[in-house]
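Peer 1: The structure is given below, and queries will be raised subsequently.
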Amino acid sequence: MKELIMPRPVTRGTYNNCSECNIKMKDVAFTRSVAKLCPECRGDIASNNIEVRKIYKELSNDLEKASKTDPLTGLLNRRGMLEIIRESDSKKKIFDNAIVICDVDFFKKVNDRYGHNVGDTVLVRLSKEFKETWGKDAHISRWGGEEFLIFIPSSLFDIIQPEVERFRKRIETTRFGHLDNPFHITLSFGIAR
């Protein structure tokens, strides 16, 4: 959390313990009696208000980003993806895109057999693979527990199906888990244009 640094300390309910104006902070906040403050205290309030606004804007941006991002994978979450789809729909460009949905087959068995930490590692690794394959050209989200949704622009229509098949085969041969106990996963895809 960010900390607000005051030029002079605030003590015992007075603003900066100023002997010249000695106005309590609550009076400044509720009656807006800044004019009664000495010039030095007015300057302190003005500079702190600017800093507070900067911090508020940064925190607001951070919260906005966090509300649209899956914390495990760093991909868009369902809310973030729906916003992109709605935005595309409002521009009447929804039909100029393709949607690819992916599900990790029998993912519950991975969690049951190897543990949820290993399951999380699989999801993170898959996310990186999705980003490397489509990251520059598409919006990728973790749609649900082990489901991913990819929103791809129309310029890639001709290569979507072959690219999805190459990706599926590559993941099928990828080793997951620990070196002493590796396993493979398979993926199921659906494509809508």
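None of the figures in this text is laboratory data; all of them are computed from the coordinates on show. From a predicted model like this one, the values you see are computed outputs, not experimental measurements. Cβ placement follows ideal geometry from the backbone for every residue including glycine, while neighbour counts extend to all protein chains displayed.
Peer 1: Across segment 56-70, in residue order, what do the Karplus-derived ³J(HN,Hα) couplings come to in whole Hz, using 6.51 cos²θ - 1.76 cosθ + 1.60 with θ = phi - 60° and x for Gly and Pro?
Peer 2: Couplings: 4, 5, 4, 5, 4, 5, 4, 5, 4, 5, 4, 6, 10, 10, 6 Hz.
Peer 1: Quickly rank 53-59, 81-87 as a protection proxy: mean count of other C-beta atoms within 10 Å, highest first.
Peer 2: Listed from highest to lowest mean packing, they are 81-87, 53-59.
Peer 1: Taking the Cα centre of segment 117-169 as origin and charging only Cβ (+1 Lys, Arg; -1 Asp, Glu), how large is the dipole, in debye to the nearest 20?
Peer 2: That gives a dipole near 140 debye.
Peer 1: Which FRET efficiency value, to the nearest 0.05, do you get for R113 and I191 by plugging their Cβ-Cβ distance into 1/(1 + (r/R0)^6) with R0 = 25 Å?
Peer 2: 0.25
Peer 1: Taking R0 as 41 Å, what's the FRET efficiency between D89 and E172 from their Cβ-Cβ distance, rounded to 0.05?
Peer 2: After rounding to 0.05, the efficiency reads 0.75.
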